[in-house]
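Before any comments, here is the structure.
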Amino acid sequence: MELKEVFEPIVNFLKNFQRKQKDGLSKDKAKERLQLVLMQDRASVSPDFFEMMKKEIIEVIKKYIEIDEETLEVQLTRGFEGEDGTGPALYANIPIKNIKPVARKIQVEEKENEEEATTEEEPDPKELADTIIEEIKDVAEKKLDKKSNKKNKKAEKVDKKESTEETKEEVKENIDKVEEVAKEVTEEVKETVEEIAENAEDTTEEIVEEVVETTETTKTTFKEKLTGVKEGFANTFTKVKGSAKEGFEKIKSKVKAKN
Amino acid sequence: MGEVIVITSGKGGVGKTTSAANLGTALTMMNKKVALVDTDIGLRNLDVVMGLENRIVYDIVDVVEENCKLKQALIKDRRYEGLYLLPAAQTRDKNAVNEEQMKKICEELKMEYDYVIIDCPAGIEQGFKNAIAGADRALVVTTPEVSAVRDADRIVGLLQASDLPKPQLILNRIRTKMVKEGQMMDAQDIVDLLSINLIGAIPDDDNVIIQTNKGEPSVTNPKSLSGKAYMETAKRILGSDIPVTIPGKKEGFFEKIKKMFGGNKEKARV
């Protein structure tokens with residue numbers, strides 16, 4: 001008995017060695033397979049969770065980088081080989097379209113901060129104002145683009161039906177109005193920002209706050225004005241439609257009369 | 001006020017009923033008053049494992065349907081002071097009881113007993129939901145096999161989604177020889193996979209079959225390896241922080257010396 005006990009570890013060692021040489025220990029295989037299967041099971045317990053996490057990750061990345069959401073893929077894999085063996089990993093493949101200017105700005109600011117470590121500088125108010133103006137311009141331009149596109153299309157349709165010069169002019173006027181409003185708004189923002197920037201006595205923090213506030217208010221006023229213009233356009237459009245219908249009816253009745 | 005402990009596993013045949021019988025008996029041997037509740041309606045077995053099958057008059061469905069009082073349905077085990085069994089019904093199904101009724105029974109038993117051990121049926125359906133409804137604590141039983149571990153993981157997820165966020169693990173039927181040879185996952189492997197705390201590691205033991213044949217839990221045999229492991233587990237249920245003895249774990253020369261001098265204070269991390 002005792003002799004057997006003494007030799008048992010040696011025999012086991014040799015057996016294990018032999019098996020390892022062949023195709024590895026079965027317990028390692030079991031563990032490996034279970035790791036994978038449990039991961040799938042766990043993930044499938046709440047597929048919503050995975051979607052939610054994916055969306056949040058995208059939101060964060062989108063702040064700084066323009067990404068291609070269509071081809072983006074996120075998945076759980078068996079993953080990396082760390083010091084404690086293999087572990088699960090969250091694998092994401094995110095195609096980048098462009099790095100946003102915001103991200104570049106942060107890099108620049110960080111560098112500046114490094115250079116002037118002693119003076120804690122807030123971001124330059126003028127620079128900030130410029131970016132805000134840029135943003136508003138972008139928004140306005142996009143909206144305008146959409147508007148004018150729609151209007152052009154609608155105008156074309158009306159042309160085909162009635163081809164009255166009147167409607168064309170009205171539509172043009174409306175577009176001009178919208179453009180004017182956008183210009184006004186950007187101008188306003190520029191002025192206020194510059195004013196604030198000139199107030200050198202104020203601390204930079206206050207300036208930034210004010211800029212944010214004023215931009216918010218201008219944004220809302222811009223929206224209001226835009227909706228006003230929209231309504232105006234809608235009115236004219238219904239008028240045009242009405243007159244078009246009338247004309248059409250007239251033609252119809254004339255044709256009938258002739259027949 | 002006592003504590004309600006549910007013993008569950010997901011997969012069938014891993015030793016839920018055996019664990020419930022042994023832990024219940026072990027706790028009574030430590031002078032606790034224990035009620036064993038069999039919730040496996042339609043497939044009751046805790047009564048035969050405990051050797052009390054001939055004494056059943058009323059069952060859990062009779063209690064729920066108010067054919068009798070709870071006290072009348074509880075069978076007193078004459079061999080062990082303070083051990084009682086509430087048997088499951090054999091001719092009904094899991095839907096004969098609902099979660100609210102189960103909660104009520106647990107509340108009532110808690111007033112009278114130090115520990116209420118609930119033997120949960122296999123599966124994740126109504127029977128499982130009933131069994132965990134009134135529980136304060138859950139013990140998940142598994143064996144070192146891929147199917148049992150997978151089901152255990154599912155159960156852990158479901159328990160965590162309910163009001164039992166910290167289930168503990170009983171690893172059953174460890175084959176020491178196979179673990180030594182590297183042909184069976186050891187306790188650490190299972191703990192790594194399930195990431196819950198280990199409260200008991202029970203070696204595979206012929207004694208369990210022999211004892212069950214006789215209708216006696218293996219804790220009553222002081223020579224039985226599984227009995228010893230269950231006793232240790234019961235101590236840990238009572239709050240002792242003795243390290244879990246892992247069957248088949250390689251013991252180094254220094255550990256043996258340390259153990260000889262009683263200096264093994266090192267807590268098992270598993």
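The values are calculated or read from the model by the stated rules, or taken from the named source; none is laboratory data. A quick note: this is a predicted structure, and the numbers were derived from the prediction, not measured. Using ideal geometry, Cβ is built from the backbone for each residue, glycine included, and neighbour counts are taken over all protein chains shown.
Quick notes on this structure:
- Cβ-Cβ contacts under 9 Å between residues 6 or more apart (or on different chains), taken from a first residue in the stretch B:100-111 that is acidic (Asp, Glu) to a second residue that is assigned to a helix (DSSP H, G or I), are listed as B:GLU100/B:ALA133; B:GLU108/B:LEU70.
- Some residue of the stretch B:207-221 being surrounded by 22 or more Cβ atoms within 10 Å (Cβ to Cβ), within 11 Å of another protein chain (Cβ to nearest Cβ) and of a type outside the set (Phe, Trp, Tyr): no
- Selection status of B:ALA21, buried (at least 23 other Cβ atoms within 10 Å of the Cβ) and among the aliphatic types (A, V, I, L, M): yes
- Looking across the stretch A:171-222, the residues that are surrounded by fewer than 13 Cβ atoms within 10 Å (Cβ to Cβ), assigned to a helix (DSSP H, G or I) and modelled with pLDDT under 70 come down to A:GLU198, A:GLU205.
- Residue in the stretch B:241-255 that is at pLDDT below 65 and of a type in the set (A, V, I, L, M, F, W, C) present: yes
- Flag for B:ASN54 being without any contact (Cβ under 8 Å) to a residue 12 or more places away in the chain and either outside any helix (DSSP H, G or I) or out of contact with any Leu (no Cβ under 6 Å at 6 or more places or on another chain) (or both): yes
- Residue in the stretch A:54-65 that is over 30 Å from A:GLU134 (Cβ atoms) and either within 14 Å of chain B (Cβ to nearest Cβ) or at pLDDT 70 or above (or both) present: yes
- Of all the listed residues (B:MET29, B:MET50), the sole one being of a type outside the set (Gly, Ala, Ser) and within 23 Å of B:THR142 (Cβ to Cβ) is B:MET50.
- Candidates B:ASP77, B:ASP47, B:ASP114: the one that is of a type outside the set (Phe, Trp, Tyr), touching an Asp or Glu at 6+ places or on another chain (Cβ under 6 Å) and either surrounded by 14 or more Cβ atoms within 10 Å (Cβ to Cβ) or at pLDDT below 95 (or both) is B:ASP47.
- Pick from the stretch B:93-121, criterion closer than 9 Å to B:THR8 by Cβ and not in a strand (DSSP E or B), ranking: farthest from the chain's Cα centre (by Cα): B:PRO121
- Those residues of the stretch B:164-182 which are under 19 Å from the mean Cα position of the chain (by Cα) and of a type outside the set (Lys, Arg), in sequence order: B:LEU164, B:PRO165, B:PRO167, B:GLN168, B:LEU169, B:ILE170, B:LEU171, B:ASN172, B:ILE174
- Residue in the stretch B:203-226 that is among the hydroxyl-bearing types (Ser, Thr, Tyr), assigned to a loop (DSSP other than H, G, I, E, B) and either farther than 23 Å from B:LEU52 by Cα or touching a strand residue (DSSP E or B) at 6+ places or on another chain (Cβ under 7 Å) (or both) present: no
- Pairs with Cβ under 8 Å, 6+ apart, first in the stretch A:1-18 and under 11 Å from B:GLU181 (Cα atoms) and within 12 Å of another protein chain (Cβ to nearest Cβ), second modelled with pLDDT of 70 or more and part of a helix (DSSP H, G or I): A:ASN12/B:LYS180; A:ASN12/B:GLU181; A:LYS15/B:GLU181; A:ASN16/B:GLU181
- For the stretch B:98-128, a residue qualifies if it is closer than 19 Å to B:THR17 by Cβ and among the charged types (D, E, K, R), and the qualifying residues are B:ASP119, B:GLU125.
- Of all residues assigned to the stretch B:87-95, none qualifies as being under 19 Å from B:GLY200 (Cβ atoms) and of a type outside the set (Asp, Glu).
- If you filter the stretch B:124-153 down to residues that are within 14 Å of chain A (Cβ to nearest Cβ) and of a type outside the set (A, V, I, L, M), you find that the one that is surrounded by the fewest Cβ atoms within 10 Å (Cβ to Cβ) is B:SER147.
- Among the residues of the stretch B:57-84, those identified as in a loop (DSSP other than H, G, I, E, B) and hydroxyl-bearing (Ser, Thr, Tyr) are B:TYR58, B:TYR80.
- Looking across the stretch B:49-82 at every residue that is basic (Lys, Arg) and more than 22 Å from the chain's Cα centre (by Cα), the one that is nearest to B:LYS110 (Cα to Cα) is identified as B:LYS71.
- Failed item, numbered, when B:LEU193 is tested on (1) within 10 Å of another protein chain (Cβ to nearest Cβ); (2) in contact with a Ser or Thr (Cβ under 7 Å, 6 or more places away or on another chain); (3) surrounded by fewer than 23 Cβ atoms within 10 Å (Cβ to Cβ): (2)
- Residue check, B:ILE202 at pLDDT below 95, closer than 18 Å to B:THR233 by Cα and surrounded by 17 or more Cβ atoms within 10 Å (Cβ to Cβ): no
- Residue list for the stretch B:154-177, restricted to those being within 9 Å of chain A (Cβ to nearest Cβ) and free of Cβ contacts under 8 Å to residues at least 24 places away in the same chain: B:GLY157, B:ALA161
- Members of the stretch B:162-175 that are in contact with a Ser or Thr (Cβ under 9 Å, 6 or more places away or on another chain) and not in a loop (DSSP other than H, G, I, E, B): B:LEU169, B:ILE170, B:LEU171, B:ASN172, B:ARG173, B:ILE174
- Any hit, the stretch B:224-242, residues being more than 14 Å from every other protein chain (Cβ to nearest Cβ) and in contact with a Lys or Arg (Cβ under 7 Å, 6 or more places away or on another chain): yes
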